[in-house]
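Below is one structure, written out as structure tokens; comments come after it.
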Amino acid sequence: MRAVVFEEFGKEARVQDVADPSPSRDGVVVRVEATGLCRSDWHGWMGHDPDITLPHVPGHELAGVVEAVGRDVVDRRPGDRVTVPFVCACGRCAACAAGAQQVCERQTQPGFTHWGSFAEYVALERADVNLVPVPHGMSFGTAAALGCRFATAFRAVVARGRVAPGEWVAVHGCGGAGLSAVMIAVACGARVVAVDVSPEALRLARTFGAAECVDASAHPEGVDAAVRELTGGGAQLSLDALGSPVTCAASVRSLRRQGRHVQVGLLPPAAGDPVVPMARVIALELELLGSHGMAAHAYPPMMDMVRSGSLRPDLLVTSTIGLDAAPAALAAMSAGPGPGAGVTVIEPTRRPHPDGA
């Protein structure tokens, strides 16, 4: 198969021919029809994830068709249309027994703990626990967009953030995860303040229902005062969807009394630890929460909202590229979000066999 491979951290990857994967006893091999290009992939490529060994194939937001199944797999068959959370759970540890597969003690993650989906095929573990059926009416590009950023945002807003109708929600960083959070919070009846430096990202946020938009570049002293003014004292719920010391602290400072901060964006050690205003956390009785994906068993309510049309993850997909363009697109993320916005989806294509089949 063809796959995007990098052999050094931070050095441009190349599309190479590598061996096709085989399914483990309880796993499957999926033919990748679409896979998202996510900032988490960039973090892995930069060497920010200790689980990655070289050479490596990135990619963790995926959708496709089951090609082969292991002998112990019960519920999945070749030809099934599937997606998968980026956290693949073991299904057996104490966290899994409690229903918290997203923090599984023995989790695997395609594109991190093993080769991922920037390839024509990807192997996935514990298929009966982790695979999520993709409805026939849903495109693979839309399903791939659900896998990390949208599902993570859904759980961050709904389960961890406990959003309620009429509340103010501040979203700091309107990339794929942030725009997903905007759309989800609006669908839940909240009023959203979207914060970003990109005019295009803010335009999309308003398209998805944001009531207010704040250009962070126009507030060098910090955006939290602007958010508090727009919301009449602060948001009840605020999310750092980018992942930086600046946006994390701004999110906490954007809250009103007894507000809830949810950290969605990764905070790599190289960026330094954020200076969290703990005096404010204590005085205002703020909650600080993390959100790490969403378990496969928790997908149905989100999928129901997608099927009903109240959530439109398809609108987040603003660019589609082929596998050959993926290395340059991954490297380009080093320059920051750039002028564009939304989700880029890679569509790997299988090369014809020499005999023309």
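Derivation of every value follows stated rules applied to the coordinates shown; laboratory data play no part. Just so it is clear, the model here is predicted, and its values are computed rather than measured. Cβ: placed from backbone, ideal geometry, glycine included. Neighbour counts: every protein chain shown.
Working note: Cα gyration tensor of segment 208-264, eigenvalues times five, square-rooted, sorted largest first, giving semi-axes of 15, 14, 12 Å. Cα centroid separation, segment 235-284 to segment 28-46: 27 Å.
So, R0 is 30 Å and r is the distance between the beta-carbons of residue 106 and residue 207; what FRET efficiency does that work out to, to 0.05?
It comes out at approximately 0.15.
Applying 1/(1 + (r/R0)^6) with R0 = 22 Å to the Cβ-Cβ distance of residue 320 and residue 113 gives a FRET efficiency near 0.20. The trypsin sites (Lys or Arg not before Pro) of segment 1-56 that DSSP puts in a loop, and whose beta carbon has at most 14 other beta carbons within 10 Å, are 11, 25.
Available extension along the chain between residue 304 and residue 283 is 3.6 nm, counting 0.36 nm per residue and deducting the alpha carbon span. Taking Rh as the Kirkwood radius computed over C-alpha pairs, what is the Stokes-Einstein D of segment 22-120 at 10 °C in a medium of viscosity 1.306 mPa s, expressed in µm² per second? Approximately 112 µm²/s, per Stokes-Einstein. For segment 138-292, the alpha carbon convex hull comes to 109 Å³ per residue, rounded to a whole number.
With q set to 0.21, 0.30, 0.31 Å⁻¹, the log10 of I(q)/I(0) for segment 277-333, from the Debye formula over equal scatterers at the Cα positions, is -0.90, -1.13, -1.16. Solvent-free Debye calculation, one equal scatterer per alpha-carbon of segment 27-183: log10 I(q)/I(0) at 0.12, 0.16, 0.19 Å⁻¹ equals -0.53, -0.93, -1.26. Here the dipole of the chain is about 800 debye; that uses its Cα centre as origin and unit charges on the Cβ of Lys and Arg (positive) and Asp and Glu (negative). Projected onto planes of every orientation and averaged, the convex hull of the alpha-carbon atoms in segment 100-186 covers 7.4 nm². Multiplying the residue separation of residue 51 and residue 331 by 0.36 nm and removing their Cα-Cα distance gives an extension gain of 98.8 nm.
Return a whole-number percent for the relative contact order of segment 242-345, with Cα pairs under 8 Å and 6 or more residues apart as the contact set.
Once normalised by length, the contact order is 23 percent.
DSSP loop trypsin sites (Lys or Arg not before Pro) in segment 75-105 with at most 15 other Cβ atoms within 10 Å of their Cβ, which ones?
Taking segment 75-105 and a limit of 15 other Cβ atoms within 10 Å, the loop trypsin sites (Lys or Arg not before Pro) found are 92.
Among 309, 137, 290, the largest mean-square fluctuation in a Gaussian network model of the chain (Cα springs under 10 Å) belongs to 137. At each listed q (0.30 Å⁻¹), what is the log10 of I(q)/I(0) that the Debye formula gives for segment 178-225 modelled as equal alpha-carbon point scatterers? Reported log10 I(q)/I(0), two decimals: -1.06.
Explain nothing, just the number: relative contact order of the chain, from Cα pairs under 8 Å at least 6 residues apart, as a whole percent.
On the way: 887 pairs, mean separation 68.1, N = 357.
Computed value for the chain: 19 percent relative contact order.
Each principal axis of segment 204-357 carries a Cα extent, and these read 72, 38, 28 Å when sorted largest first. Counting only Cα atoms, segment 1-70 measures 34, 22, 21 Å along its principal axes, largest extent leading.
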